[in-house]
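Working notes for the structure below.
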Amino acid sequence: MLQEIIYHLGHDIGLHFDEKVLEGGGDRELVNRVQEEANTLQDLLKILIRSVSMHRPSPTTLAADYHFEGLVNTYGKLFFEEFKYIFDSRRNWRENSYDVFSCGKDFEVQMLIHPFSYTKTTQDTKKVLRRFIDEAKMERYSAVN
């Protein structure tokens, strides 16, 4: 499986959590749910899960600076405010990553990349997202069977 290859190459695999699944739950519920999902992912993959990254975190979540036992919160104040944060959203870089790394400044970087967005041949974003959705449906169907 791909995650095993990534993990054995020395990379971490973390939890990508969508707070919107809680439908108005409080801080305690969010913290508990993240811990539960991280533990489930760890048990399923049989690897250590050491980080959590929120999916489109709300301003409330960003301001809360949540702390999770045994997990690094990539949207905590340290990583989100003190590190340089660069990302690609639907293959749209908010700033040129080459310029960030070649500017000669010394700083810590947090980089979010959506690898499914990139292909060997040039494709428009809509086609890439459609392929991602279709593949995810098949993966879920296979997992349920």
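Only the coordinates and a few stated rules stand behind these numbers; no lab work does. Everything quoted here is computed from the prediction, not taken from an experiment. Cβ coordinates were reconstructed from backbone atoms using ideal geometry, including for glycine residues, and neighbour counts include every protein chain displayed.
Here are some notes:
- Efficiency of FRET from Cβ geometry, VAL144 and PHE87, R₀ 30 Å, rounded to 0.05: 0.45
- Extents of the chain, largest first, come to 41, 40, 33 Å (Cα atoms, principal axes, whole angstrom).
- Counting only the Cα atoms, the range 2-82 fills a convex hull of 98 Å³ per residue.
- Beta bridges per DSSP with both ends in the chain, % antiparallel, nearest 5: 25
- Other residues whose C-beta falls under 14 angstrom from the C-beta of LEU45 contribute a net charge of -2, scoring Lys and Arg +1 and Asp and Glu -1.
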